[in-house]
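The values are calculated or read from the model by the stated rules, or taken from the named source; none is laboratory data. Being a predicted model, the structure only gives us computed values, none of them experimental. Positions of Cβ are backbone-derived with ideal geometry, glycine not excepted, and every protein chain shown enters the neighbour counts. Areas reflect the complete protein model, heavy atoms only, side chains present, ligands, DNA and RNA absent. Shrake-Rupley method; radii C 1.70, N 1.55, O 1.52, S 1.80 Å.
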Amino acid sequence: MALLDMTATELAAAIKEGKTTAVDALNEVFERIEAKEDTYHCYVTIDKEGALKQAEAVQRQIESGELSGALAGVPVAIKDNMCIKGMLTTCSSKILGNFVPTYSAEAVINLQKAGAVIIGKTNMDEFAMGSTTETSAFGATKNPWNTDCVPGGSSGGSAAAIAAGECFYALGSDTGGSIRQPAAYCGIVGMKPTYGLVSRYGLIAYGSSLDQIGPMSQDVTDCAAILQTIASHDAKDSTSVSTQDTDYMSALEEDVKGLRIGIPKDYFGEGLDEDVKSAVLHASEILREKGAIVEEFNLSLVDYAIPTYYTIAAAEASSNLERFDGIKYGYRTKDFNGLHNMYKKTRSEGFGEEVKRRIMLGSFVLSSGYYDAYYLKALKVKALIKKAFDDAFSKYDIILGPVAPTTAPQLGSSLSDPIKMYLGDIYTIAVNLAGLPAISLPCGKDRNGLPIGLQLIGDCFTEKKLLRTAYTYEKARGAFGKAMEQTGKAAALPEKEGM
Amino acid sequence: MANIITDETIDYVSILAKLELSPEEKEQAKRDMGRMLDYIDKLGELDTENVEAMSHVFPVNNVFREDVVSNSDIREELLSNAPAQKDGMFMVPRTFD
């Protein structure tokens, strides 16, 4: 088997058995990057020299028996909103275009301790605000399944890098679907863990009550191995929770007998693409055949999740992004007249359009006179949405539905109409509001050969049940195939109708 | 409700947001924010009279720790990211006349 055809855990096993080395694996990844990166643009920063040194050091530790984990020696890509000491970390924004952190994110440190070899930092929507990776200040990433299409976002660089074989696995972050949706568009696995399961220390904040770091991988087994490695209680993140039971790989069993799966009827209404609908429903049939009890139900409040989310996320973003002031780090405008003018010009020149749009909206909903009508109202609706999920999980173990209403849209077709773009988040966003874990995995392809994502949502801290269900489905589905096999062969897409 | 977004609102919000918008950007912001708020007004359909606002999904308490210094002196490293520095300090524009 060629090294690049291996999953992360298969590669780690092969290195451990002496069949290959961390250095050989890294060199193959760099060959792929050299061949494909100009086309796909998955990365903002590539640290070839540093990665080679890491690979050599990790290889020695594997040979001496010091390192033996399920990911030891495997090259990984990190989304560019996670700090890595000494490595450029930009959030794909001009305002952080020259920022070199003095410390690393806890999730990254956990990976490094497990022998990860960090290739570099992946492209994203600026400050994770977007659904296409087109709001990046450093140019768009292209979908390896069809380079006329977006990879999704905001973790689009991470998803595309996996689909293109430019890394073996990656970390992403998910505030309203930013791991799950690009995973769906790129035909890979992505998981948003329960809020608090993975430390947010060193993750550059967007909407702090919603942000969560999670695994992006080639299959469910890798996903479990990554989650097991990055989940940890961290005193440096006061919302981090302490969980004892993080042996996620033990959940990889083919067993859904008696599992109660609920399908929200309100996730299958207007706007859902027919191909997506039939692929997702087919996946539910497969789980039923495997012994799960599958029922339809009304989740309710689905249409209220997007306005609630954009109010809360924009409010938190406007507060979180106050720190970018041109004083301590990052960009500072060249010509200014006094302190306040410097702040305003720095921020206006440093932030892109979508970021400014959300900062303005957030500042407004938090402003005196409108706080109760907008921000407080949204926090109350959030409580209602949480309650709707609590009710659902009193009847069901897992909620099953689509990740996104369509497959990957064409480049350049989304940004002109923000509300239309936000509507694409309808199935992912409520999960963040309710703090729940959810996984996205490939369940078919549409008429144009683009991947379709299946979303499984669990109650808080039921990651094992989610992984077991996803694993059972994945085994029944069989191999999904890789984007790189289709490169150059995929036919040009016909013009897509509006959503 | 979009009619609440006047030129004055945009000017006021840009002061809060510390953003300087060009005339075109202001017009765009007025349109975008108006549309977004019209959309958010949908939440008004729900009766939340007796609902408590939820800022955090789990019952969390204050997290306390001893007030001890745990970080080392990395002044030079931190300053190396600053747009301007002088004598081991961040350099800022004149604030008082």
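Among the residues in segment A:473-486, are any touching a residue at least 12 places away in the same chain (Cβ under 8 Å) and in contact with an Asp or Glu (Cβ under 6 Å, 6 or more places away or on another chain)? Within segment A:473-486, one or more residues are touching a residue at least 12 places away in the same chain (Cβ under 8 Å) and in contact with an Asp or Glu (Cβ under 6 Å, 6 or more places away or on another chain).
When segment A:443-456 is filtered for residues that are more than 12 Å from A:Ala404 (Cα to Cα), open to solvent by less than 10 Å² (accessible area, probe 1.4 Å) and in contact (Cβ under 8 Å) with a residue 60 or more places away in the chain, only A:Leu450 remains.
Of everything in segment A:19-49 that is free of Cβ contacts under 8 Å to residues at least 12 places away in the same chain and within 19 Å of A:Ala8 (Cβ to Cβ), the residue that is least open to solvent (accessible area, probe 1.4 Å) is A:Asn27. Residues in segment A:429-448 that are in contact with a Lys or Arg (Cβ under 9 Å, 6 or more places away or on another chain) and more than 17 Å from A:Leu384 (Cα to Cα): A:Pro437, A:Ala438, A:Ile439, A:Ser440, A:Leu441, A:Pro442, A:Cys443, A:Gly444, A:Asn448.
Per this entry, A:Ile398 is counted among residues that are in contact with a Gly (Cβ under 7 Å, 6 or more places away or on another chain) and more than 7 Å from every other protein chain (Cβ to nearest Cβ). Of all residues in segment A:404-441, those satisfying the criterion of being open to solvent by 20 Å² or more (accessible area, probe 1.4 Å), within 14 Å of chain B (Cβ to nearest Cβ) and closer than 21 Å to A:Lys142 by Cα are A:Leu415, A:Ser416, A:Asp417, A:Lys420.
Filter segment A:316-333 down to the residues that are part of a loop (DSSP other than H, G, I, E, B) and among the hydroxyl-bearing types (Ser, Thr, Tyr), then identify the one that is nearest to the other protein chains (Cβ to nearest Cβ).
Residues of segment A:316-333 part of a loop (DSSP other than H, G, I, E, B): A:324-333.
Subset that is among the hydroxyl-bearing types (Ser, Thr, Tyr): A:329, A:331, A:333.
Details: A:Tyr329: 4, A:Tyr331: 7, A:Thr333: 9 Å.
Among those that are part of a loop (DSSP other than H, G, I, E, B) and among the hydroxyl-bearing types (Ser, Thr, Tyr), it is A:Tyr329.
All conditions in (1) facing chain B (nearest Cβ under 10 Å); (2) open to solvent by 30 Å² or more (accessible area, probe 1.4 Å); (3) of a type outside the set (A, V, I, L, M, F, W, C) hold for A:Thr346, with the sole exception of (2). If you go through segment A:291-318 and keep only what is more than 29 Å from A:Asn448 (Cβ to Cβ) and open to solvent by 60 Å² or more (accessible area, probe 1.4 Å), you end up with A:Ile293, A:Glu295, A:Asn298.
Within segment A:284-307, residues that are without any contact (Cβ under 8 Å) to a residue 60 or more places away in the chain reach partners that are open to solvent by 70 Å² or more (accessible area, probe 1.4 Å) and part of a helix (DSSP H, G or I) with beta carbons closer than 9 Å, at six or more positions or on different chains, in the pairs A:Glu296/A:Lys265; A:Asn298/A:Lys265. Summed over segment A:441-468, the residues that are hydroxyl-bearing (Ser, Thr, Tyr) and in contact with a helix residue (DSSP H, G or I) (Cβ under 7 Å, 6 or more places away or on another chain) give a count of 0. Scan segment A:94-106 and give yes if some residue there is open to solvent by less than 10 Å² (accessible area, probe 1.4 Å) and of a type in the set (Lys, Arg), otherwise no. Among the residues of segment A:94-106, not one is open to solvent by less than 10 Å² (accessible area, probe 1.4 Å) and of a type in the set (Lys, Arg), which makes the answer no. Can we say A:Leu321 is crowded, with 18+ Cβ neighbours inside 10 Å and modelled with pLDDT of 95 or more? So A:Leu321 passes the test.
A:Phe336 fulfils the conditions (1) facing chain B (nearest Cβ under 8 Å); (2) part of a helix (DSSP H, G or I); (3) open to solvent by 10 Å² or more (accessible area, probe 1.4 Å) except for a single criterion, (2). From the list A:Gly424, A:Gly350, the one residue that fits, being at pLDDT below 95 and not hydrophobic (A, V, I, L, M, F, W, C), is A:Gly424. Every listed requirement among (1) surrounded by 18 or more Cβ atoms within 10 Å (Cβ to Cβ); (2) free of Cβ contacts under 8 Å to residues at least 60 places away in the same chain is met by A:Leu52 save one, (1).
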